[in-house]
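Just below is one structure, and these are the notes that go with it.
Read-outs throughout are calculated quantities, based only on the coordinates presented, and are distinct from any laboratory measurement. No experiment lies behind these values; they were computed from the predicted model shown. Cβ atoms come from the backbone with ideal geometry, glycine included; neighbour counts cover every protein chain shown.
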């Protein structure tokens, strides 16, 4: 069983399972009071720190290295779970002779959404889906390609690996998302071909059907995201206990995929982990008090 990466270990503590701010954020890393002297700590870390930039760049370098090595083989299966598969009885979509592809979430995976995240924090307000909708439509040029992303995508494309974005941005705002990715220096993404959005099917924020659509055409050798739902909707089951979810993410089958086809980016800014309680975060048998 391969060792979990530092990125995974950090994100299992800090991050959650859904896939886009428009779907899961009810707060923004404890929004600061309006006109606060500094942004919330999570925003300082993810968007401003050298530590986060190093972790993200390292993940992108691993993705590129893995992709270039993997295409020298002909995998039997992709890294996308088959529709009837479970974590206990995994099966994967077959590759056959399909061309290779790498599938990425967009927000906080390919791009950092600097524009709206600063606005929310400076205003001291919780996430607002109406504001996010405006961002999807008009944010081109105000999002930033994450460290190492441009180089990583360039290497994959040069090797003949199709780069696809599967995001929970809205299909009604397709032009804005295409423009945002292009303006961030990531090249062209075309809706229905290399860009898949929420609303493309009837399953809402679940990405499983979109992943199946992609896997029908491609041998997907890389899945990457900042939330566990970017890999399987099984991590997003309603009322799934935190301990069970963590166990799923660390089970033998899944653990063998981290950094070997599945790649997770750090995101301490938003996620369903916001609902975790004291005993979810700090196991009660580890309590300690000074005397």
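For the reader, a short list of remarks on this structure follows.
- Of all DSSP beta bridges in the chain, antiparallel share, percent nearest 5: 15
- Segments 108-120, 126-138 sorted - mean Cβ within 10 Å per residue, highest first: 108-120, 126-138
- Counting 0.36 nm for each residue step from residue 275 to residue 203 and taking away their Cα separation leaves a gain of 23.5 nm.
- Structure-based [θ]222 nm, the chain - -39500 (n - 2.57) summed over DSSP H runs of at least 4, per residue, nearest 500: -9500 deg cm²/dmol
- The simple spin-label model puts a point 7 Å past each Cα toward its Cβ; for residue 72 and residue 289 those points are separated by 5.9 nm.
- Orientation-averaged projected area, Cα convex hull of the stretch 6-283 (nm²): 13.8
- Whole-number Å³ per residue for the convex hull built on Cα positions in the stretch 208-291: 133
- Alpha carbon centroid spacing (whole Å) that separates the stretch 90-108 from the stretch 171-248: 11
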